[in-house]
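> One structure, pasted below without further comment.
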Amino acid sequence: MTGDTLPLDERLQAYLRTVSLREPGVLRRLREATQALPEASMQIAPEQGQLLQLLVRLLGARQALEIGTFTGYSAGWIALALPAEGSRLVCCDRSREWAATAAGYWRELGVEERIELRLGEAQATLDTLVEERARFDFAFIDADKAAYEGYYESCLKLVRSGGLIAIDNTLWYGRPADPAVEDEDTVAIRHFNATLLADDRIDLSLVPVGDGLTLARKR
């Protein structure tokens, strides 16, 4: 036995998916299509999407927020966890091209009516949501790393007490653990992680799934 997290090699990763992943066929096709794009590394892992879906269901969430939607894969997982009536997932992204791809797959999934896509700069969209006094049960941040702290602070205003903020890429290829790595994104993630550790407004866990998934429950 060991007190450390078990590292996943390729064989163990494949086994994990074989015994646990219940990925809808539409989402599998979207994931595979996204892998052919130059920006494919922006895609979350399927087991991570399934975890987000489980968390949304455990929360009983009806109102959800996503910052950074890309081709719509993570949004698909989240939207499927929301009730068919009276629920909303607000998705923030800048790309009309990716949004068009996402919309087609959301339509196939039968969740298009639950999703409200807001195109533009994410921080401006978040500021508007704060002005609108929007309230969310769950938020997922997966966008430009240098802006994470601003997104997080906005989410703390928008998410209800007892709600959950999930943040992707907080292990960032392992680079934050190497003090010799000083590129902008790595420094931003390193600082962001330290900020959350000291933040007494939340309960905190960083889960080593995908590229690192931080879970912050608003107290």
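> Could you give every pair whose Cβ atoms fall below 9 Å, whose first residue belongs to segment 1-26 and is over 19 Å from Leu171 (Cβ atoms), and whose second residue is part of a helix (DSSP H, G or I) and open to solvent by 90 Å² or more (accessible area, probe 1.4 Å), counting only separations of at least 6 or pairs across chains?
Once the first residue is over 19 Å from Leu171 (Cβ atoms) and sits in segment 1-26, its partners that are part of a helix (DSSP H, G or I) and open to solvent by 90 Å² or more (accessible area, probe 1.4 Å) give Val26/Glu108.
> Right, another one. Would you be able to tell me the number of residues in segment 74-111 that are farther than 19 Å from Leu126 by Cα, touching a helix residue (DSSP H, G or I) at 6+ places or on another chain (Cβ under 6 Å) and free of Cβ contacts under 8 Å to residues at least 40 places away in the same chain?
The qualifying residues number 5.
> List pairs: first residue in segment 129-140 and touching a residue at least 24 places away in the same chain (Cβ under 8 Å), second residue in a strand (DSSP E or B) and surrounded by fewer than 20 Cβ atoms within 10 Å (Cβ to Cβ) anywhere in the structure, Cβ distance under 6 angstrom, at least six positions apart or on different chains.
Once the first residue is touching a residue at least 24 places away in the same chain (Cβ under 8 Å) and sits in segment 129-140, its partners that are in a strand (DSSP E or B) and surrounded by fewer than 20 Cβ atoms within 10 Å (Cβ to Cβ) give Arg135/Arg160.
> Given the criterion of a type in the set (D, E, K, R) and touching a strand residue (DSSP E or B) at 6+ places or on another chain (Cβ under 8 Å), identify the matching residue among Arg107, Arg94.
One residue alone meets the criteria, Arg94.
> How about segment 13-98: which helices (runs of 4 or more DSSP H) wholly inside it have at least 3 residues that are open to solvent by 40 Å² or more (accessible area, probe 1.4 Å) and more than 21 Å from Leu158 (Cβ to Cβ)?
Where helices (runs of 4 or more DSSP H) fall fully within segment 13-98 and carry at least 3 residues being open to solvent by 40 Å² or more (accessible area, probe 1.4 Å) and more than 21 Å from Leu158 (Cβ to Cβ), they are 25-34, 46-59.
> Which condition does Glu182 not pass, out of (1) in contact with a Lys or Arg (Cβ under 8 Å, 6 or more places away or on another chain); (2) in a loop (DSSP other than H, G, I, E, B), if it passes all the others?
Against the list (1) in contact with a Lys or Arg (Cβ under 8 Å, 6 or more places away or on another chain); (2) in a loop (DSSP other than H, G, I, E, B), Glu182 comes up short only on (1).
> Looking at segment 149-175, which of the residues that are closer than 18 Å to Ser41 by Cα and in a helix (DSSP H, G or I) is most open to solvent (accessible area, probe 1.4 Å)?
Out of the qualifying residues, it is Tyr173.
The values are calculated or read from the model by the stated rules, or taken from the named source; none is laboratory data. Since the structure is predicted, the reported quantities are computational estimates derived from the model, not experimental observations. Don't worry about glycine lacking a Cβ; one is built from the backbone with ideal geometry, like all the others, and counts go over all protein chains shown. The accessibility values were calculated without ligands, DNA or RNA, using every heavy atom of the protein model including side chains. Shrake-Rupley method; radii C 1.70, N 1.55, O 1.52, S 1.80 Å.
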